[in-house]
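The values are calculated or read from the model by the stated rules, or taken from the named source; none is laboratory data. Note that the coordinates shown come from a computational prediction; the quantities given were computed from them, not determined experimentally. Every residue, glycine among them, receives a Cβ derived from its backbone with ideal geometry; neighbour counts consider all protein chains shown. Keep in mind that these areas ignore ligands, DNA and RNA; they rest on the heavy atoms of the full protein, side chains included. Shrake-Rupley method; radii C 1.70, N 1.55, O 1.52, S 1.80 Å.
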Amino acid sequence: VINHDLEIGPASVRPGDVIVVNGDLGRHGIAIMASREGLALETQIESDCAPLWPQVNALLENAIEVHCLRDLTRGGLSSALNEIAEGSRRTLHADESAIPIDPAVAAVCELLGFDPLYVACEGRFVAFVPEPQAERALDLLRNAGAPSPAIVGRVTEEERPQVILRSRIGTSRILDMLSGEQLPRIC
């Protein structure tokens, strides 16, 4: 039983909320693909598979006003953000340089033509919290075992359901929903 008074879901997302991830992205999908395909990598990539409850509980028990939570299993961060943008009817702005991605995962994705923002994770979630509570939320996540929690974006006043990604070089593009087959396919 989880006792709280929060309405956690896309409809509760508010302008000014920050977008927080609890760790680096894409390790699970790439670890599974490397194992299945017998890829000989210089660095072993381990799955990010982990229970989410200790970190979620840390936020709830310490009065962080969580507006929305979503695991990043199918379709990775990009799909989750698009679903939340649609459900909240808001524009979400994400900053590519703030999104934690292990260098080995980024290298494999680049080599194989995958975008790590669409790769499945098993121990990662995205949370939307009010900006004044963001740093405390990051501290709570670290103390609960989150490997590299980060603020990766913000919710704007715009009432247009879309996700805008600011690239590492400063340009912006729409981050679309995953189309076609999820690669690597996990299940």
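Just to check your reading of the model, which residue among Ser172, Ser148 is in contact (Cβ under 8 Å) with a residue 12 or more places away in the chain and within 23 Å of Gly75 (Cα to Cα)? Outline the logic, then answer.
Working: Ser172 fails: in contact (Cβ under 8 Å) with a residue 12 or more places away in the chain.
Exactly one residue qualifies, and that residue is Ser148.
Restricting attention to the range 127-147, and to residues there that are in contact with a Gly (Cβ under 9 Å, 6 or more places away or on another chain) and surrounded by 15 or more Cβ atoms within 10 Å (Cβ to Cβ), which single residue is nearest to Ala11 (Cα to Cα)?
So the residue we want is Pro130.
Please go through the range 77-102 and give me each residue that is more than 13 Å from Leu117 (Cβ to Cβ), part of a helix (DSSP H, G or I) and open to solvent by less than 30 Å² (accessible area, probe 1.4 Å), ordered by number.
Ile84, Ala85, Ser88
Report yes if Leu111 is part of a loop (DSSP other than H, G, I, E, B) and surrounded by fewer than 16 Cβ atoms within 10 Å (Cβ to Cβ), otherwise no.
No; evaluated as a whole, the condition is false for this residue.
Please find, within the range 87-105, the residue that is farthest from Gln55 (Cα to Cα) out of those that are in contact (Cβ under 8 Å) with a residue 40 or more places away in the chain and out of contact with any strand residue (DSSP E or B) (no Cβ under 9 Å at 6 or more places or on another chain).
Taking the range 87-105 first, the residues in contact (Cβ under 8 Å) with a residue 40 or more places away in the chain are 87-102, 104-105.
If we keep only those that are out of contact with any strand residue (DSSP E or B) (no Cβ under 9 Å at 6 or more places or on another chain) too, we end up with 89, 101-102, 104-105.
Details: Arg89: 27, Ile101: 19, Asp102: 20, Ala104: 25, Val105: 23 Å.
It comes out as Arg89.
Being among the small types (Gly, Ala, Ser), open to solvent by less than 60 Å² (accessible area, probe 1.4 Å) and either touching a strand residue (DSSP E or B) at 6+ places or on another chain (Cβ under 9 Å) or not in a loop (DSSP other than H, G, I, E, B) (or both) is the filter here, so list the residues in the range 22-68 that pass it.
Gly23, Gly29, Ala31, Ala34, Ala58
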